[in-house]
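The values are calculated or read from the model by the stated rules, or taken from the named source; none is laboratory data. Note that the structure is predicted; figures quoted are calculated from it, not measured. Using ideal geometry, Cβ is built from the backbone for each residue, glycine included, and neighbour counts are taken over all protein chains shown.
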Amino acid sequence: MIIKEKVIKYGNNVDTDVIIPARYLNTSREDELAAHCFEDLDENFKEKLKARKIIVAGDNFGCGSSREHAPISIKASGVKLIIAKTFARIFFRNAINIGLAVIPSVEASENINDGDELEVNLDKGEIKDITTGKTFAINPVPEFIREIISSGGYINYTRKKLNI
Amino acid sequence: MKTITEKILSSHAGRDVRAGDIAVVDVDIVMAQDGTGPLAVSQIKKLGFSKVANPAKSIFFIDHAAPSPRKELSDSHKVLRDFAKESGARLSDIGEGVCHQILVESYVCPGDVVIGADSHTCTSGALGAFATGMGSTDIAVGFALAKTWLLVPQTIKVNFNGKLGKGVYAKDLIIYLIGKITADGATYKALEFSGSVSSGLTIEDRFTISNMAVEAGAKAGIFAADETTNRYLGQRGRAECFKEIRADEGAKYEAEIDIDCTEVEPMISMPHTVDNTMPVSRIDKVKVDQVLIGTCTNGRLNDLKIAAGILKGRKIAEGVRLIVAPASRIVYLEALRAGIIETLIESGATVISPGCGPCVGIHQGILGDGEVCLSTQNRNFKGRMGNPDAFIYLSSPATAAWSAVRGFIADPREAL
């Protein structure tokens, strides 16, 4: 899978309360969640999304609440991939479970700039920054996790395992 | 030689597991709340299930928006009530209290594996259980199969030694620790709390500390199950579920952190991150508009008692709104019988129904633009209390109560 998109860059500790505030948790509808995604962090997010579909952030992305609505709202907004120095534990699990690509990479996070164009090859395990010409290797994903992603998320994976 | 985490997860995996292993484990207790529950229900259905594997220990809590302030949330509540009926799962409806408090009061036993669709599920670690938060999809599979997969975490041992000073409480210790190791200082790890101060803490104090383990990114925050745990379970009529749980001598820890509690002062977390900490004695004068005493962090009987001790015979400052939310119906009744609620109301407090209250920004005390709230809750992220243009500070109940009297963030040692 190859993702070729431009970058929206954010800082450290992007928490689930700014990704999708609890006041909007009265719905599981993806379009409604997407409408309020990042609204408390960046009022220009929607505008930026028109031309950019990869988020690059610092440490501890997705810290805070266990709400799965957070990765759902990001995915439903059209974001294809999140690269961060580190991810908060529950967010990371949730993203994989719903099939949103997440890549932890300190090197990529430190070197990629806001607005850069990336070509990310998930199979080869490589991030290429077209704007700066730099490339970054991605740590291989454990087999177990790859199987969840290739099944299209945790529900499908479990159904497959249970033969239902 | 195993850590508490390795012991509990080994006993639930049916084999010996160590930090770094991926294990499929049996789950004793599964829960979701009204924010995360409706999505869990739709995922259970997508999985093809209409029943839960272990109905007596599968619980849906209505606590985050209870009673419902909006029709959309009322519909979410209806989804949970209907599914509980259909599946046989337990329902904890409005007025019963915050999920984490009810779990420790009535469900969790030492040695259990507990998973919940709420990040503060780690609270139950105070009873010597392995308890962790997950998202709705993970929890849906947990409800359906009473199993989950886990990466067995490394453990960081935190030794609280020394002596707690006047006006310094469990909340100050955990804020101090998070300030020291930062908001991601324990990501993916289990914290195991040890040392002479930890053994001497009341069970309520342990709940406060375990509750905030996730604010350092931790997967779990665990205390040994000891005589204090045994006494508590006895008081709750659950003596039969007690068993002693402690780490083996020589268990392998990724790191040890020593905290000399004698040096810890009353602490504050400042906007907008929990690890932005400072001793109360060193912050500039910050005027408060609202003070919240309650939540799964500090809404228990002793918390209300400490606040009432400071507020007795005093009035809250003009222009301050003091909101008190008992963590559960049991806490509320005990506080009523002890005269604590009367003292709080006489001082000017507004007492709301047991539950999450305004902590998560849905109802019962949403902040106005530019307003400041000092709260005993666990999280002060931007927008947390319903308004991204407001400012949230965190403290112990003593600091919160005394600040409500002064009208600005104030050192509780002045009142003691």
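Once the stretch B:368-416 is narrowed to residues that are part of a strand (DSSP E or B) and not aromatic (Phe, Trp, Tyr), the residue that is surrounded by the fewest Cβ atoms within 10 Å (Cβ to Cβ) is B:Val372.
Any idea which residue in the stretch B:173-198 is surrounded by the fewest Cβ atoms within 10 Å (Cβ to Cβ), counting only those that are in contact with a helix residue (DSSP H, G or I) (Cβ under 8 Å, 6 or more places away or on another chain) and part of a helix (DSSP H, G or I)? That would be B:Ile181. Say whether the condition of being assigned to a helix (DSSP H, G or I), within 14 Å of chain A (Cβ to nearest Cβ) and of a type in the set (A, V, I, L, M, F, W, C) is met by at least one residue in the stretch B:145-168. Looking for residues that are assigned to a helix (DSSP H, G or I), within 14 Å of chain A (Cβ to nearest Cβ) and of a type in the set (A, V, I, L, M, F, W, C), one finds at least one in the stretch B:145-168, hence yes.
Determine whether the stretch A:119-138 contains at least one residue that is surrounded by 21 or more Cβ atoms within 10 Å (Cβ to Cβ), free of Cβ contacts under 8 Å to residues at least 60 places away in the same chain and outside any strand (DSSP E or B). No, every residue in the stretch A:119-138 fails to be surrounded by 21 or more Cβ atoms within 10 Å (Cβ to Cβ), free of Cβ contacts under 8 Å to residues at least 60 places away in the same chain and outside any strand (DSSP E or B). Listed here are the strands (runs of 3 or more DSSP E) enclosed by the stretch A:6-109 that have at least 2 residues being without any contact (Cβ under 8 Å) to a residue 60 or more places away in the chain and within 14 Å of chain B (Cβ to nearest Cβ): A:101-104. Screening A:Thr131 on (1) within 14 Å of chain B (Cβ to nearest Cβ); (2) at negative phi; (3) polar (S, T, N, Q) shows it passes everything except condition (1). The sole residue among B:Ala146, B:Ala140 that is crowded, with 23+ Cβ neighbours inside 10 Å, modelled with pLDDT of 95 or more and more than 19 Å from the chain's Cα centre (by Cα) is B:Ala140.
Annotation: of all residues in the stretch A:47-91 being of a type in the set (D, E, K, R) and closer than 17 Å to A:His36 by Cβ, the one that is surrounded by the fewest Cβ atoms within 10 Å (Cβ to Cβ) is A:Glu47. Say we look at the stretch B:170-203 and pick out the residues that are farther than 18 Å from B:Ala216 by Cβ and not aliphatic (A, V, I, L, M); which of these is farthest from the chain's Cα centre (by Cα)? Ranking the qualifying residues of the stretch B:170-203, first place goes to B:Ser196.
Quick one: in the stretch B:338-350, of everything that is of a type outside the set (Gly, Ala, Ser) and surrounded by fewer than 21 Cβ atoms within 10 Å (Cβ to Cβ), which residue is nearest to B:Ser395 (Cα to Cα)? It comes out as B:Thr350. Please determine whether any residue of the stretch B:79-91 is in contact (Cβ under 8 Å) with a residue 60 or more places away in the chain and either in contact with a Gly (Cβ under 6 Å, 6 or more places away or on another chain) or away from chain A (no Cβ under 12 Å) (or both). No, every residue in the stretch B:79-91 fails to be in contact (Cβ under 8 Å) with a residue 60 or more places away in the chain and either in contact with a Gly (Cβ under 6 Å, 6 or more places away or on another chain) or away from chain A (no Cβ under 12 Å) (or both). In the condition set (1) over 14 Å from the mean Cα position of the chain (by Cα); (2) of a type in the set (Asp, Glu); (3) within 12 Å of chain A (Cβ to nearest Cβ), B:Asp118 is compliant with all but (1).
On the basis of being under 16 Å from the mean Cα position of the chain (by Cα), assigned to a helix (DSSP H, G or I) and β-branched (Val, Ile, Thr), does A:Ile149 make the cut? Considered against the rule, which asks whether it is under 16 Å from the mean Cα position of the chain (by Cα), assigned to a helix (DSSP H, G or I) and β-branched (Val, Ile, Thr), A:Ile149 comes out as yes. Would you confirm whether any residue within the stretch B:241-258 is among the hydroxyl-bearing types (Ser, Thr, Tyr), surrounded by 22 or more Cβ atoms within 10 Å (Cβ to Cβ) and either in contact (Cβ under 8 Å) with a residue 12 or more places away in the chain or assigned by TED's automatic domain parsing to the domain that holds B:Ala390 (or both)? The answer is no; no qualifying residue exists. Of all residues in the stretch B:158-172, count the ones that are buried (at least 23 other Cβ atoms within 10 Å of the Cβ) and either in contact with a Leu (Cβ under 7 Å, 6 or more places away or on another chain) or free of Cβ contacts under 8 Å to residues at least 60 places away in the same chain (or both). The qualifying residues number 3. Tell me yes or no: at least one residue of the stretch B:240-260 is more than 20 Å from the chain's Cα centre (by Cα) and closer than 23 Å to B:Thr376 by Cβ. Looking for residues that are more than 20 Å from the chain's Cα centre (by Cα) and closer than 23 Å to B:Thr376 by Cβ, one finds at least one in the stretch B:240-260, hence yes. Count of the stretch B:322-337 residues, restricted to those that are more than 20 Å from the chain's Cα centre (by Cα) and crowded, with 19+ Cβ neighbours inside 10 Å, is 1.
Looking at B:Ile209, is it among the aliphatic types (A, V, I, L, M) and more than 21 Å from B:Lys7 (Cα to Cα)? It is true that B:Ile209 is among the aliphatic types (A, V, I, L, M) and more than 21 Å from B:Lys7 (Cα to Cα).
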